[in-house]
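Peer 1: Mind looking over this structure? Questions follow.
Please treat every number below as a calculation from the coordinates, not as lab data. As the structure is a computational prediction, the values presented were derived from the model and not from experiment. We place every Cβ from the backbone using ideal geometry, glycine too, and count neighbours over all the protein chains shown.
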Amino acid sequence: MVPVNIHDFRELARRRLPKIFFDYIDGGSFEEETMRANRSDFARFGLRQTVLVEPRPQDLSTSYLGRRHPLPFMLGPVGFLGLYSGGGEEKAARAAHAAGIAFCLSTFSIASLADLRAVTDGPLDFQLYVLEDRSLCEEFLAAAEQAGVDTLFVTVDTAITGIRERDVRNGFRSLTRVTPGLLARLALKPRWLADVALRGMPSVRAIEHRPEFGRGALEQAANLSRRIDNTLSWKDIAWLRERWTGKLVVKGVLAPKDAVKARDLGCDGVVISNHGGRQLDGASSTIGALPAIRAAVGPDFCLLLDGGIRRGTDILKAVGLGADGVLLGRAYAYGLAAAGQGGVAEVIAILTKEISISLALMGISSVDELKALRGSAIQASHPSG
Ligand SMILES: Cc1cc2nc3c(=O)[nH]c(=O)nc-3n(C[C@H](O)[C@H](O)[C@H](O)COP(=O)(O)O)c2cc1C
C-alpha cells in the first residue's frame with residue numbers, strides 16, 4: 001500500500017509492529033471514549049469556504065513561544081520511539097528538523113538529549129515527567145540546558161497511569177524483560193526485529209548510569225513510571241518556574257481555570273491535552289475544550305493543543321479556534337513505525353499539503369491571517385437553525 005494519508009500510515013504501522021507495541025501506541029484508557037472524542041469532535045467544527053479571492057503568496061509559518069516556526073505544528077513527546085524503529089528518536093528529530101519544525105524528546109526515550117545533539121542542531125524541546133527523586137530531575141534539567149533546549153514541557157496529567165486495557169491484555173505493563181514467549185511474539189515481525197532488536201538490547205540512555213532502574217528499556221521503563229511523583233501540585237510548577245530559565249509549558253491542561261493558574265504562575269504556555277485519551281476516560285476532547293480556554297486566558301497567552309490530529313484540516317480548526325500551534329503524537333509515531341525517518345518526513349509532508357490546499361480553499365493566504373480572523377473562519381459543521 002502506498003500511504004496517502006495518516007490513516008494509511010497507521011495501517012502500515014499495524015502490519016509492521018509487534019502487536020504489543022502497536023496496541024501501546026494506538027490504545028487509550030478504559031472505554032477509549034475520550035480518545036475517540038478527540039477525533040470525532042473535530043467534525044463538530046467546519047471550515048468556512050471563500051472563493052474568488054485574489055491570489056496571494058501562501059505563508060504557513062507562524063509564531064509561538066517566542067520563535068517563528070515554518071509550520072503550525074511540531075512533533076510532541078511520545079515515549080519509546082526507539083522501540084518502534086531502531087534509532088527512532090534520532091530519526092524523528094532529523095525528519096522534524098529537515099522540515100524546520102521542533103521536536104520534543106520525552107523523558108521516556110531510548111536516546112538521550114546528548115545523543116540527539118550529536119546528530120542534529122535543529123530546535124529541540126524536552127518533556128519532563130517530575131520524578132519522586134528530584135536529584136534525577138535536576139540531572140534531566142542540566143542535560144536540557146547542556147543540549148540547548150528551548151522549551152521545557154512539564155507533563156501533569158499522569159500522576160496516576162490510566163488503565164489501558166489493550167496493554168493489560170498484552171501484558172505490556174508487567175513486561176520487564178524479554179521472555180521466550182515474548183521473543184516468539186516479536187519474531188512474528190522479522191522486519192521490525194531486524195531493525196530494532198538486532199541492534200542489541202535497547203536501554204534508556206538518560207538513566208543508564210543509575211543501577212536502581214535496572215537494565216534494558218523494559219525494566220527501566222517500568223521503574224521510571226513507578227517513580228513519577230504522584231503528589232505533583234502547583235507548588236512544584238512554581239519551583240520549576242524558578243529553577244528553569246527557558247520557556248516553561250504545562251502539558252495536560254483541559255480546564256480553563258488550570259490554564260489561568262499556569263499563566264498567573266509565569267508559565268509561558270500550556271498544551272491543551274488529555275494525553276491522547278490515555279488517562280482520564282470521559283475527559284472532554286481537546287478541540288472541544290479549546291474555545292473556553294482561549295476565552296479564559298485572553299488573546300496573548302500561548303495555547304498549544306494535541307489529541308487526535310490526523311488531518312491538516314484538524315490543525316486549521318485548532319488554529320482557527322485559538323491554538324497558537326499544534327503537537328503531533330500518534331500521527332508521526334505511526335509514520336516512524338511504518339517507514340522510519342522517511343515515514344515521519346512523509347507524515348509531515350502530507351499534513352503540510354493538506355493545510356496548504358485547505359487554507360487556499362478557505363480563501364486565506366497565511367496561518368497568521370487565519371489566527372487574526374479569531375474564530376470567524378470556523379463554523380458549526382452543520383450550520384442550521
Ligand atoms: C505511544 C505514546 C506515548 C506517549 N508518551 C508520552 C510521553 O512520554 N510524555 C508525554 O508527555 N506524552 C506522551 N504521550 C502523549 C502525547 O504527547 C500526546 O499528548 C498524545 O499522543 C496526543 O494525542 P494523539 O496521539 O491522538 O495525537 C504519548 C502518547 C502515545 C500515543
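Peer 1: List, in order, the whole-Hz ³J(HN,Hα) value for each residue of segment 234-244 obtained from phi through the Karplus relation with A = 6.51, B = -1.76, C = 1.60 and θ = phi - 60°; use x for Gly and Pro.
Peer 2: Karplus-based 3J(HN,Hα) across segment 234-244 equals 4, 4, 5, 5, 5, 4, 4, 4, 6, 6, 9 Hz.
Peer 1: Between LEU183 and SER63, what FRET efficiency comes out of the Förster formula 1/(1 + (r/R0)^6) with R0 = 51 Å and r the beta carbon distance, rounded to 0.05?
Peer 2: My answer for the efficiency is 0.55.
Peer 1: Taking the alpha-carbon set of the chain, what are its Rg and Dmax in Å?
Peer 2: 20.1, 65
Peer 1: In degrees, nearest 10, range 0 to 90: what is the angle between the Cα axis of helix 6-16 and the longest Cα principal axis of the chain?
Peer 2: Its long axis makes an angle of about 10 degrees.
Peer 1: Mind giving me the nanometre distance, one decimal, between the label points for ALA98 and GLU132, set 7 Å out from Cα along Cα→Cβ?
Peer 2: Roughly 4.3 nm, to one decimal.
Peer 1: If you plug each phi of segment 189-205 into the Karplus form 6.51 cos²θ - 1.76 cosθ + 1.60 with θ = phi - 60°, what whole-Hz ³J(HN,Hα) values come out, in order, with x for Gly and Pro?
Peer 2: 10, x, 5, 5, 4, 5, 6, 9, 6, 6, 6, x, 5, x, 8, 6, 4
Peer 1: Enumerate the amide H contacts of ASP59 below 5 Å, restricted to partners 5 or more residues apart or on another chain; note that Pro and chain-start residues carry no placed amide H.
Peer 2: Amide H neighbours of ASP59: SER366, VAL367.
Peer 1: Which value in Å does the Kirkwood hydrodynamic radius of segment 45-136 take, with 1/r averaged over all unlike C-alpha pairs and then inverted?
Peer 2: Hydrodynamic radius (Kirkwood, Cα only) of segment 45-136 equals 15.4 Å.
Peer 1: Using each residue's phi in segment 336-349, evaluate 6.51 cos²θ - 1.76 cosθ + 1.60 at θ = phi - 60° and report the 3J(HN,Hα) Karplus result to the nearest Hz, with x for Gly and Pro.
Peer 2: 5, 5, 6, 8, x, 4, x, x, 5, 4, 5, 4, 4, 5
Peer 1: Find the centroid of the Cα atoms in segment 279-330 and in segment 165-187, then give the distance between the two in whole Å.
Peer 2: Result: 34 Å between the Cα centres.
Peer 1: Here's something else I'd like to know. Ranked highest first by average number of other Cβ atoms within 10 Å, how do 71-77, 274-280, 35-41 line up?
Peer 2: Ranked by mean Cβ neighbours within 10 Å, highest first: 71-77, 274-280, 35-41.
Peer 1: Give me, ordered by chain and number, the residues 5 or more places off GLN379 or on other chains with an amide H under 5 Å from its own placed amide H.
Peer 2: When sequence neighbours closer than 5 places are left aside, the close amide H contacts are GLY46, LEU47, ARG48.
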